[in-house]
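Below: one structure, written as structure tokens.
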Amino acid sequence: MNNQKKLKIIIALNMIIALFVLSNSNITYSQHFKDINFPDGSLAGMVNRNIDVHVYRIYQSAPDVIKFDLPKVNFVKIGLYDSKNNLVRTYIYNNLNEGTYEITLNSKNLDKGIYTCVLFSADAQESSQVIIE
């Protein structure tokens, strides 16, 4: 691979990262340098950005465990819905601080299958699928 192709790859990767960073004003990031190993054995330096997005997020991190991220202090209600969109569980939390939280589901009385978990706050609503096995 010649130097011109390597330079084009590095520029393209940096442009993609820059577009992503500029498209969201809620992103903070830090930079450090990283070497890229090309197939011909040569190296090139590139700036690598560790991106920390400050958004609401809810996701299943393990069986029977739901995690959610809060970017600021907020009231939070989490609803668990079955495949027919029936509310089967509700969790309510007042004034949670910014951070990541974890809920352990008691799935003994739940049928196996795919559920939807919805995070409601004063200024956001996020959802994620949860699998109960």
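Structure above, values below:
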item: Fewest-first sequence of 114, 58 by Cβ atoms within 10 Å of each Cβ; result: 114, 58
item: All lysines inside 21 Å of residue 5 as judged from Cα atoms, apart from same-chain residues fewer than 8 positions distant; result: 34
item: Long-range HN-HN contacts of residue 54 with modeled amide H, under 5 Å; result: 28
item: Cβ crowding within 10 Å averaged over residues, with 72-80, 100-108 ranked highest first; result: 72-80, 100-108
item: Length released on extending from residue 127 to residue 96, taking residue separation times 0.36 nm less the Cα-Cα span; result: 9.3 nm
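Each value in this text was obtained by applying a stated rule to the coordinates, not by laboratory testing. Here the structure is a predicted model, which is why all the values come from computation and not from measurement. Please note: Cβ atoms are built from the backbone with ideal geometry, for glycine as well, and neighbour counts cover all protein chains shown.
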